[in-house]
């Protein structure tokens, strides 16, 4: 089984690919229809930042940092008139996107 370090490194190394794939998922989902109000670069950059610096977030950030990060994202999407339900669904798509990537690119032989 892949170690946590290797999983994080795999995610960080492929962060651009992951962000592009998520952008496609959000754009094609009926549950995130109002995301057309968000520029591709804005959405992709926010997700890329999370994937690219995952190790840093896991090691050095606390709950307050995460809360601040997601409050900023939520406020930004609210100012762009994206309903909260769609923001929440985009977060679910982010998780699903990552899980699908890991299933394809890792040798997981037991639950992580």
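Scanning for something more than 21 Å from residue 83 (Cβ to Cβ), under 15 Å from the mean Cα position of the chain (by Cα) and modelled with pLDDT under 95, does the stretch 21-29 turn up at least one residue?
No - not one qualifying residue is present in the stretch 21-29.
Each row is one residue, and each column tells you yes or no for (1) assigned to a helix (DSSP H, G or I); (2) surrounded by 12 or more Cβ atoms within 10 Å (Cβ to Cβ); (3) touching a strand residue (DSSP E or B) at 6+ places or on another chain (Cβ under 8 Å).
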| residue | (1), (2), (3) |
| --- | --- |
| 43 | yes, yes, no |
| 47 | yes, yes, no |
| 56 | yes, no, no |
| 73 | yes, yes, no |
| 81 | no, no, no |
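Just to be sure before I move on: is residue 51 assigned to a helix (DSSP H, G or I) and surrounded by fewer than 17 Cβ atoms within 10 Å (Cβ to Cβ) in the structure I sent?
no
A quick yes/no check of all residues on (1) modelled with pLDDT of 90 or more; (2) under 13 Å from residue 47 (Cα atoms); (3) part of a helix (DSSP H, G or I); (4) under 14 Å from the mean Cα position of the chain (by Cα):
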{"position": "69", "(1), (2), (3), (4)": "no, yes, yes, yes"}
{"position": "91", "(1), (2), (3), (4)": "yes, yes, yes, yes"}
{"position": "97", "(1), (2), (3), (4)": "yes, yes, yes, yes"}
{"position": "108", "(1), (2), (3), (4)": "no, no, no, no"}
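How many of the residues making up the stretch 42-86 are in contact with a helix residue (DSSP H, G or I) (Cβ under 7 Å, 6 or more places away or on another chain) and over 23 Å from residue 96 (Cβ atoms)?
Qualifying residue count for the region: 1.
The values are calculated or read from the model by the stated rules, or taken from the named source; none is laboratory data. Source: prediction; values computed, not measured. All Cβ positions, glycine included, derive from the backbone under ideal geometry; neighbour counts span all protein chains shown.
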